[in-house]
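Report on one structure; see the data block that follows.
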Amino acid sequence: MINRFKALFLDRRGGKAVAAGRHSVDELQIAAAALLVEAAQMDDDFDARERGKVLELVTDRFNLSGEESLSLLAAAEEWVAHASQLHGFTRIVNKVFDHAERIELLEMLWEVIYTDGELHDHEASLMRRLTGLLHVSDRENTAARNRALARLGQA
């Protein structure tokens with residue numbers, strides 16, 4: 001399955017990232033998962049709790065099996081390691097997710113960030129950037145953060 005995820009982003013001719021106008025379900029899943037992984041890694045400590053939270057969120061959101069979730073996480077981690085910008089991931093999300101779904105993604109990101117109980121400066125900066133890149137207002141982002149905190153019992 002990980003090869004299928006890789007193939008979605010590679011042009012067979014030259015191994016370059018695909019920038020097609022239409023995106024598959026798999027592309028959307030890996031883009032969303034990559035953003036979650038990016039958020040989890042912002043504090044330089046992608047621990048077992050955060051990894052578990054990312055797996056839980058992608059499994060629930062995309063209705064994946066455990067094996068599919070693990071493959072998606074592995075592919076997302078690989079793409080985050082090789083990505084130089086968030087724009088590729090957010091571009092896919094913006095094309096496919098409606099506004100409410102982008103807010104839901106922000107909630108998922110906040111859950112990952114607060115899994116360790118702390119908000120680090122780099123994480124806060126990432127969320128400010130993503131709020132703009134996903135075309136969500138600061139007010140909607142704050143509400144998403146509060147809902148995530150409430151779900152985690154930290155409100």
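Computed from the coordinates by the stated procedures, all read-outs in this text should not be read as laboratory data. Quick caveat, the model's predicted, so the values are computed rather than measured. Counting neighbours? That spans all protein chains shown, and the Cβs are built from the backbone with ideal geometry, glycine included.
Just a few scattered comments:
- Put in order of Cβ neighbour count within 10 Å, fewest first, the listed residues 71, 65 become 65, 71.
- The range 37-106: C-alpha gyration tensor shape, a/c 1.5 cut-off, then a/b vs b/c: oblate
- In this structure, residue 82 and residue 45 have a Cβ-Cβ separation that, at R0 = 22 Å, corresponds to a calculated FRET efficiency of about 0.60.
- Relative contact order of the range 27-95, defined on C-alpha pairs under 8 angstrom at six or more residues apart (%): 54 percent
- Exposure proxy for 108, 42: other Cβ atoms within 10 Å of each Cβ, ordered fewest to most, give 42, 108.
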